[in-house]
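*Asks:* Pasting in a structure now, in structure tokens, and then I'll have a few things to ask.
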């Protein structure tokens, strides 16, 4: 029954983080609308995204080391606690009438910094609670939860803005934080057994500069396993392309083409979230039954090629909804597939560093994309797609002209580039065969059961029943 108890621990932790994430995304959505109302340009919104990612990327290496050194539940408590304090400060500034754009930029930067600790800690903790057979399904559940957040956060954020303004949105966020923090106080997460490098170091982690050596262990582990290394580099390329449109200008394009209609943006995002929820359900079936690498490469290719093309060509809410459904359905599958591959192949004692390293590289291209997206939209593509602009004769028949059309052209470009990267991924043997050529790591849950002389079968059957 130990297995069932650990699964229950996972569910408690997952529900708490889901609730807190929903509140956080409500606040970030409301602050984005507030910032757009204040400035009305794409660059400001892109800077908000840049601020969120830059600290996430720069702090990820340090965060990964501490996630592997400390109790992962304690890391979650500290990260969530600091995030709650920063949200409370934003509420105080707003209620006193002193909130400015630069305050919101700092808030986004701090949120990214705390995420740098929270994300690898959460993922590494789940490895200690789930067997290899369960990880695929539960990773699908996690991505489904992430999608649920995207469904409800914009809708709830819009309703709360209408009912009580920004102050009410942030107050609700603080309540969700308290609920999530309480769940973390109720659980315990097993610690991984030290690997060979940990044992050899002994007390050296306390030495000056030791975190560089510990991070280097994760780097060397990945470089020695080319399939994993290429997998992480592939996602770096995906995010670099997606950051120009999916992350960088999506909300601005919708707002520009609807005259600043926040309801239209919330509607499109909510439907996209619903599609991602369905994709999350599909991921719980897909991951573990079909080759995971197809979930990464194949699903990403479809998401880019079909979704981005439709998004750029559409000129109204109904078209964006169809494009969003095509795009978002496959996102949970590709994320769950990638996460499961890494969890299965990397020792538990290294996973904090590996997932932080993954975050640093895979997310590292996004801030640059955010910085480029706004100026490219405002100064290059948008002017070129105004009536009489330089690109109207080439793309006007496809994306139209006027506000938002230039960003539509940007979507056409990312569709072709993103799908091409996926094709190149299939041409790399080490990546294509990563599941068979890279040995599995020791399953920590199975190892604990073996050490205690437990029979695995009854526990698994109990879960199924």
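*Asks:* Which members of segment 389-404 meet the condition of being assigned to a loop (DSSP other than H, G, I, E, B) and either closer than 21 Å to residue 259 by Cβ or modelled with pLDDT under 85 (or both)?
*Replies:* Quick first cut of segment 389-404, residues assigned to a loop (DSSP other than H, G, I, E, B) only: 389-391, 400-404.
389, 400, 401, 402, 403, 404 - these are the residues of segment 389-404 that are assigned to a loop (DSSP other than H, G, I, E, B) and either closer than 21 Å to residue 259 by Cβ or modelled with pLDDT under 85 (or both).
*Asks:* Name the single residue that is surrounded by the fewest Cβ atoms within 10 Å (Cβ to Cβ) among those in segment 4-46 being under 30 Å from residue 379 (Cβ atoms) and out of contact with any helix residue (DSSP H, G or I) (no Cβ under 8 Å at 6 or more places or on another chain).
*Replies:* By that ranking, first place goes to 37.
*Asks:* Can you spot a residue in segment 156-168 that is under 27 Å from residue 8 (Cβ atoms), assigned to a helix (DSSP H, G or I) and under 22 Å from the mean Cα position of the chain (by Cα)?
*Replies:* Here is the first cut: in segment 156-168, the residues under 27 Å from residue 8 (Cβ atoms) are none.
There is no residue in segment 156-168 that is under 27 Å from residue 8 (Cβ atoms), assigned to a helix (DSSP H, G or I) and under 22 Å from the mean Cα position of the chain (by Cα).
*Asks:* Right, next: Only residues that are within 21 Å of the chain's Cα centre (by Cα) and outside any helix (DSSP H, G or I): list them for segment 289-305, please. Don't jump to the end; show me each part of the working.
*Replies:* Narrowing segment 289-305 to residues within 21 Å of the chain's Cα centre (by Cα): 292-305.
Passing the criteria: none in range.
*Asks:* Any residue at all in segment 450-458 that's in a helix (DSSP H, G or I), closer than 23 Å to residue 289 by Cβ, touching a helix residue (DSSP H, G or I) at 6+ places or on another chain (Cβ under 7 Å) and modelled with pLDDT under 75?
*Replies:* Looking for residues that are in a helix (DSSP H, G or I), closer than 23 Å to residue 289 by Cβ, touching a helix residue (DSSP H, G or I) at 6+ places or on another chain (Cβ under 7 Å) and modelled with pLDDT under 75, one finds at least one in segment 450-458, hence yes.
*Asks:* Here is a follow-up. Kindly evaluate residue 122 against the criterion of being over 30 Å from residue 278 (Cα atoms) and crowded, with 19+ Cβ neighbours inside 10 Å. Explain how you work it out, then say what you get.
*Replies:* Values: over 30 Å from residue 278 (Cα atoms): no; crowded, with 19+ Cβ neighbours inside 10 Å: yes.
Answer is no for this residue.
*Asks:* Suppose we filter segment 184-222 for residues that are closer than 19 Å to residue 346 by Cβ and modelled with pLDDT of 55 or more; how many remain?
*Replies:* 18
*Asks:* Now for a different question. Are there any pairs, at least 6 apart or on different chains, whose C-beta atoms fall under 8 Å, with the first in segment 361-387 and within 25 Å of residue 315 (Cβ to Cβ) and the second surrounded by fewer than 22 Cβ atoms within 10 Å (Cβ to Cβ) and modelled with pLDDT under 75, and if so, which?
*Replies:* Within 8 Å, the pairs are 374/41; 374/43; 375/43; 378/41; 378/43.
*Asks:* Buried (at least 18 other Cβ atoms within 10 Å of the Cβ), out of contact with any strand residue (DSSP E or B) (no Cβ under 6 Å at 6 or more places or on another chain), at pLDDT 90 or above and closer than 23 Å to residue 251 by Cβ: which single residue out of 415, 362 fits that description?
*Replies:* Values: 362 fails: at pLDDT 90 or above.
Residue meeting the stated conditions: 415.
*Asks:* Look through segment 388-401, keep the residues that are in contact (Cβ under 8 Å) with a residue 60 or more places away in the chain and crowded, with 16+ Cβ neighbours inside 10 Å, and return whichever of them is farthest from the chain's Cα centre (by Cα). Even if it seems obvious, please write down each step before you answer.
*Replies:* First pass over segment 388-401, keeping only residues in contact (Cβ under 8 Å) with a residue 60 or more places away in the chain: 398-400.
Narrowing the set further to residues that are crowded, with 16+ Cβ neighbours inside 10 Å leaves 399-400.
Working: 399: 29, 400: 32 Å.
Here the answer is 400.
*Asks:* What single numbered condition from (1) modelled with pLDDT under 85; (2) surrounded by fewer than 18 Cβ atoms within 10 Å (Cβ to Cβ) fails to hold for residue 165?
*Replies:* Condition (1) is where residue 165 drops out.
*Asks:* Working only within segment 365-383, note down all residues that are buried (at least 18 other Cβ atoms within 10 Å of the Cβ), modelled with pLDDT of 85 or more and farther than 10 Å from residue 244 by Cβ.
*Replies:* The answer is 381, 382.
*Asks:* What is the number of the single condition among (1) buried (at least 18 other Cβ atoms within 10 Å of the Cβ); (2) within 25 Å of residue 80 (Cα to Cα); (3) at pLDDT 75 or above; (4) under 22 Å from the mean Cα position of the chain (by Cα) that residue 181 does not meet?
*Replies:* Among (1) buried (at least 18 other Cβ atoms within 10 Å of the Cβ); (2) within 25 Å of residue 80 (Cα to Cα); (3) at pLDDT 75 or above; (4) under 22 Å from the mean Cα position of the chain (by Cα), residue 181 violates only (1).
*Asks:* So is residue 407 in a helix (DSSP H, G or I), surrounded by fewer than 24 Cβ atoms within 10 Å (Cβ to Cβ) and touching a helix residue (DSSP H, G or I) at 6+ places or on another chain (Cβ under 7 Å) or not? Even if it seems obvious, please write down each step before you answer.
*Replies:* On the way: in a helix (DSSP H, G or I): yes; surrounded by fewer than 24 Cβ atoms within 10 Å (Cβ to Cβ): no; touching a helix residue (DSSP H, G or I) at 6+ places or on another chain (Cβ under 7 Å): yes.
Here the answer is no, as residue 407 does not meet what is asked.
*Asks:* State whether one or more residues within segment 336-348 are crowded, with 24+ Cβ neighbours inside 10 Å, within 20 Å of residue 244 (Cβ to Cβ) and modelled with pLDDT of 85 or more.
*Replies:* No, segment 336-348 has no match at all.
The values are calculated or read from the model by the stated rules, or taken from the named source; none is laboratory data. Model, not experiment: these values are computed from the prediction. Here Cβ is always computed from backbone atoms with ideal geometry, including for glycine, and neighbour counts include all displayed protein chains.
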